[in-house]
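Quick notes on the structure that follows.
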Amino acid sequence: MISTPDQPLPSDAIDRLQKARQEILDQLGKAIVGQQAVIDELLICLFSRGHCLLEGVPGLAKTLMISSLARTLSLSFSRIQFTPDLMPADITGTEVLEEQPGSGALQRRFMEGPLFANVILADEINRTPPKTQAALLEAMQERQVTVGRTRHPLSDPFFVLATQNPIEQEGTYPLPEAQQDRFMFKVLVDYPTFTEELEVARRTTSRSKFEVTPVLGGQEILELQDLVRSVPVSDHVIRYALAIVRQTRVGTDGVPDFVNEQIGWGAGPRAVQFLILGGKARALLRGRTHVSVEDIQALAKSVLRHRMVVTFAAESDGITTDDVVRKLIENTPTAEDELTRDARFKKIFAS
């Protein structure tokens with residue numbers, strides 16, 4: 001049973017979510033060493049009904065992590081290797097003419113492409129041209145594809161996990177801001193620690209094998225996604241999320257000077273929505289039935305880093321969007337009375 005916002009959250013459903021998280025972590029631990037923070041954010045995306053973009057240099061097990069996660073779910077899975085010659089019909093599907101047995105008459109039939117699966121691995125998404133990226137954009141946002149004049153709904157749940165390589169520029173097509181905004185999180189995958197890399201070397205050079213077994217089915221995932229949306233959020237936490245996001249909008253009243261100097265474009269309303277939804281999922285995954293300011297702070301970089309554009313001068317000085325988000329958190333009061341009484345934030349909330 002899933003609660004409504006006016007009902008208390010069912011404890012058995014909360015226990016099920018925490019148990020599912022631990023079972024998924026146990027299964028992924030058979031294939032992946034470390035990367036705990038990345039896996040946690042993937043799970044938050046999954047239970048928030050969002051999509052995730054992973055960025056990291058080659059060899060950090062991004063593809064293995066996503067394919068292993070898909071195997072822990074009893075869902076259909078497609079891997080699409082994005083290349084410069086990939087066309088929209090290659091991922092959405094196409095209409096073909098078929099001859100009817102007996103009569104010989106021709107009829108049109110739609111052949112589904114790899115997007116017609118529950119979990120999509122879009123590998124090296126920045127290597128494909130904008131036309132194909134736009135086809136994926138419709139699927140992510142509308143959960144449908146359009147071929148000719150016909151709309152074809154996609155299956156639910158539908159979860160896109162994309163990877164991109166940050167160090168190669170030749171032969172790549174940077175994702176437009178509009179498409180990046182459709183990703184709930186942009187997660188940076190970093191190098192493993194010495195201990196983790198030692199274990200990776202030991203495992204991958206031996207004869208040991210691992211088998212990942214499914215943990216959750218499609219209906220269970222849909223129920224848990226509904227449960228996440230039932231988590232209550234106080235007005236103060238919503239106001240705090242708004243304060244963080246609205247401070248990124250250059251040229252508006254109350255925005256800090258360092259934002260006006262270092263940011264060329266700020267985040268839109270979807271950032272607030274994803275901060276709150278992610279906060280709900282993070283709270284439940286940690287056994288809490290309410291969202292705290294700490295949840296918003298923990299997810300701020302992943303939600304905002306791809307929704308802000310630093311100026312050329314700031315980029316030349318080595319300043320990143322993560323640096324700006326960190327300073328915003330440091331300069332935003334967490335206590336409710338401090339936030340509402342601050343003269344600068346009164347301007348931000350009034351604009």
Check your understanding: If you take every DSSP beta bridge whose two residues both sit in the chain, what share of them, in percent to the nearest 5, is antiparallel?
Key -> 40
Practice item. Give the residue from G268, V309, V237 lying farthest towards the positive end of the charge dipole for segment 224-326; charges sit on Cβ (+1 for Lys and Arg, -1 for Asp and Glu) and the dipole is referred to the Cα centre. Key: V237
Review point. How far, in degrees from 0 to 90, does helix 235-246 lean away from the longest principal axis of the Cα atoms of the chain, to the nearest 10?
Key: 80
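Let me make sure I get this right: for segment 203-328, a, b and c are the square roots of the gyration tensor eigenvalues over alpha carbons, sorted descending. Under 1.5 in a/c it's rounded, otherwise prolate if a/b > b/c, else oblate. Which is it? Write out the running numbers ahead of the final one.
Details: a/c = 2.98, a/b = 1.44, b/c = 2.07.
Taking the square roots of the gyration eigenvalues as a ≥ b ≥ c, segment 203-328 is oblate.
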Point to revise | Mean Cα-pair separation over length for the chain, i.e. relative contact order, pairs under 8 Å, 6 or more apart, % | key: 21
Study note, to complete from the structure: Links exceeding 25 Å between C-alpha atoms in this model, out of K186/K327; K19/K280; K19/K301, come to K19/K301
Practice item. State to the nearest 20 debye the size of the charge dipole of the chain about its Cα centre, where the only charges are +1 on K and R beta carbons and -1 on D and E beta carbons. Key: 380
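Based on Cβ point charges of +1 for Lys and Arg and -1 for Asp and Glu, what charge dipole magnitude is obtained for segment 168-262 about its Cα centre, in debye rounded to the nearest 20?
With Lys and Arg at +1 and Asp and Glu at -1, about 260 debye.
Given charges of +1 on the Cβ of Lys and Arg and -1 on the Cβ of Asp and Glu, with all other atoms neutral, how large is the dipole of segment 232-350 about its Cα centre, in debye to the nearest 20? All intermediate terms of the calculation are to be shown ahead of the outcome.
Values: 17 positive and 15 negative charges, 103 e Å.
Around 500 debye, computed over segment 232-350.
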Practice item. Note down the relative contact order for segment 232-350 as a percent, whole number, built from C-alpha pairs under 8 angstrom at least six residues apart. Key: 33
Check your understanding: Stretched out fully, how many nm does the piece from Q141 to V200 gain, at 0.36 nm a residue minus the Cα gap?
Key -> 17.6 nm
Check your understanding: To the nearest 10 degrees, how steeply does helix 11-29 sit against the main Cα axis of the chain, on a 0 to 90 scale?
Key -> 70
Practice item. List the chymotrypsin sites (Phe, Trp or Tyr not before Pro) within segment 244-351 that fall in a DSSP loop (any state other than H, G, I, E or B) and whose Cβ has at most 10 other Cβ atoms within 10 Å. Key: none
Check your understanding: Once Lys and Arg get +1 and Asp and Glu get -1 on their Cβ, which of N165, L106, S48 lies farthest toward the positive end of the dipole of the chain?
Key -> L106
Point to revise | Cα centroid separation - segment 262-306 against segment 79-117, whole Å | key: 39
Study note, to complete from the structure: Expressed to two decimals, the chain has a Cα Rg over Rh, using the Kirkwood radius, of 1.00
Check your understanding: What's the local net charge at H152, with K and R +1, D and E -1, over the other residues with C-beta under 14 Å away?
Key -> 0
**Study point:** Exposed-site-free run, longest, the chain (rule: GluC sites (Glu not before Pro); DSSP loop; at most 12 other C-beta within 10 Å)
**Key:** 1-169
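Rounded to the nearest 0.05, what FRET efficiency is calculated for D15 and Y173 with R0 set to 35 Å and r the Cβ-Cβ distance? It would help to have the intermediate numbers written out before the result.
Values: r = 45 Å, r/R0 = 1.28.
Efficiency, rounded to the nearest 0.05: 0.20.
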Review point. From the Cα gyration tensor of segment 177-220, with a ≥ b ≥ c the square roots of its eigenvalues, which class applies: rounded if a/c is under 1.5, or else prolate if a/b is larger than b/c, or else oblate?
Key: oblate
Check your understanding: Which of the trypsin sites (Lys or Arg not before Pro) found in segment 123-204 are loop residues per DSSP with 15 or fewer other Cβ atoms within 10 Å of their Cβ?
Key -> R143, R149
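Since every read-out is calculated from the coordinates, none of them should be taken as a lab result. Since we're looking at a predicted model, the values are computed, not measured. A quick note on method: Cβ atoms are made from the backbone with ideal geometry, for glycine too, and the neighbour counts reach across all protein chains shown.
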